[in-house]
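First up is the structure itself, then whatever we jot down about it.
The values are calculated or read from the model by the stated rules, or taken from the named source; none is laboratory data. Given the structure is predicted, the values throughout are model-derived calculations rather than measurements. With ideal geometry, Cβ positions are generated from the backbone for all residues, glycine too; neighbour counts draw on all protein chains shown.
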Amino acid sequence: MLNDLSPGSIAAVYVVCGYTDLRYGIDSLAALIEKRYKMNVFSPNTLFLFCGRSASKIKGLLWEGDGFLLLYKRVECGHFAWPRNSSELRTLSWEQYRWLMQGFAIDPIIHDIEPIRSA
């Protein structure tokens, strides 16, 4: 299901960085988004993604206009390259979402720098 989403079906994708207790259900995850991040979880076709300590499992919370859809994915081999550096809410571009679902990091590894001097 998470691999089958298309840009036309999802308005926005948000990643909750850091660790989330994956024992939480729909109500607890929705309350976390509303209270900690001050966001409206009732935005149609907005996907919120959560990851626990084991980066092999993620949960998604999606408001479809008439109710929530709770998605759960566990990969059998490997893990998701989840941003762990803080407990912020990040917006993902569609390209970053595809990278995450394929097991790649959403942040570029090679960064632009300004050299101090030439050789």
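Can you find, within segment 69-119, the residue that is surrounded by the most Cβ atoms within 10 Å (Cβ to Cβ) among those that are under 17 Å from PHE50 (Cβ atoms), free of Cβ contacts under 8 Å to residues at least 40 places away in the same chain and of a type in the set (A, V, I, L, M, F, W, C)?
Per the stated criteria, the residue is PHE80.
Could you look through segment 39-59, keep only residues that are surrounded by 16 or more Cβ atoms within 10 Å (Cβ to Cβ) and of a type in the set (Lys, Arg), and pick out the one that is modelled with the highest pLDDT?
Per the stated criteria, the residue is LYS59.
Kindly list, by first and then second residue, each pair from a residue in segment 9-23 that is within 17 Å of ARG36 (Cβ to Cβ) to a residue that is of a type in the set (Phe, Trp, Tyr), limited to pairs with Cβ atoms under 6 Å and residues at least 6 apart or on different chains.
If the second residue must be of a type in the set (Phe, Trp, Tyr), the pairs left are TYR14/PHE48; VAL16/PHE50; THR20/PHE50.
I'd like to verify a number: residues in segment 29-38 that are buried (at least 16 other Cβ atoms within 10 Å of the Cβ) and within 21 Å of ARG84 (Cβ to Cβ), how many?
Step one: list which residues in segment 29-38 are buried (at least 16 other Cβ atoms within 10 Å of the Cβ), which gives 29-30, 32-33.
So of that shortlist, the ones also within 21 Å of ARG84 (Cβ to Cβ) come out as 29, 32-33.
Within segment 29-38, residues that are buried (at least 16 other Cβ atoms within 10 Å of the Cβ) and within 21 Å of ARG84 (Cβ to Cβ) number 3.
Return the residue satisfying two criteria in turn: it lies in segment 89-119 and is in a loop (DSSP other than H, G, I, E, B) and under 11 Å from the mean Cα position of the chain (by Cα), and of such residues it is modelled with the highest pLDDT.
Pass one, segment 89-119, residues in a loop (DSSP other than H, G, I, E, B): 93, 102-119.
Narrowing the set further to residues that are under 11 Å from the mean Cα position of the chain (by Cα) leaves 93, 106.
Numbers: SER93: 87, ILE106: 81.
Among them, the one singled out is SER93.
Could you list, in sequence order, all residues of segment 60-78 that are in contact with a strand residue (DSSP E or B) (Cβ under 9 Å, 6 or more places away or on another chain) and either closer than 20 Å to PHE104 by Cβ or of a type in the set (Gly, Ala, Ser) (or both)?
Those that are in contact with a strand residue (DSSP E or B) (Cβ under 9 Å, 6 or more places away or on another chain) and either closer than 20 Å to PHE104 by Cβ or of a type in the set (Gly, Ala, Ser) (or both): GLY60, LEU71, LYS73, ARG74, VAL75.
Checking the conditions here, which among LEU71, LEU61, LEU49 is part of a strand (DSSP E or B) and out of contact with any Lys or Arg (no Cβ under 8 Å at 6 or more places or on another chain)? Full working, then the answer.
Working: LEU71 fails: out of contact with any Lys or Arg (no Cβ under 8 Å at 6 or more places or on another chain); LEU49 fails: out of contact with any Lys or Arg (no Cβ under 8 Å at 6 or more places or on another chain).
Going through LEU71, LEU61, LEU49 in turn, the sole match is LEU61.
Those residues that are touching a Lys or Arg at 6+ places or on another chain (Cβ under 7 Å) and surrounded by 19 or more Cβ atoms within 10 Å (Cβ to Cβ), I need them from segment 18-28; list them, please.
Result: no residue meets the conditions.
Go through segment 15-35 residue by residue and tally those that are assigned to a helix (DSSP H, G or I) and in contact with a strand residue (DSSP E or B) (Cβ under 8 Å, 6 or more places away or on another chain).
Result for segment 15-35: 5.
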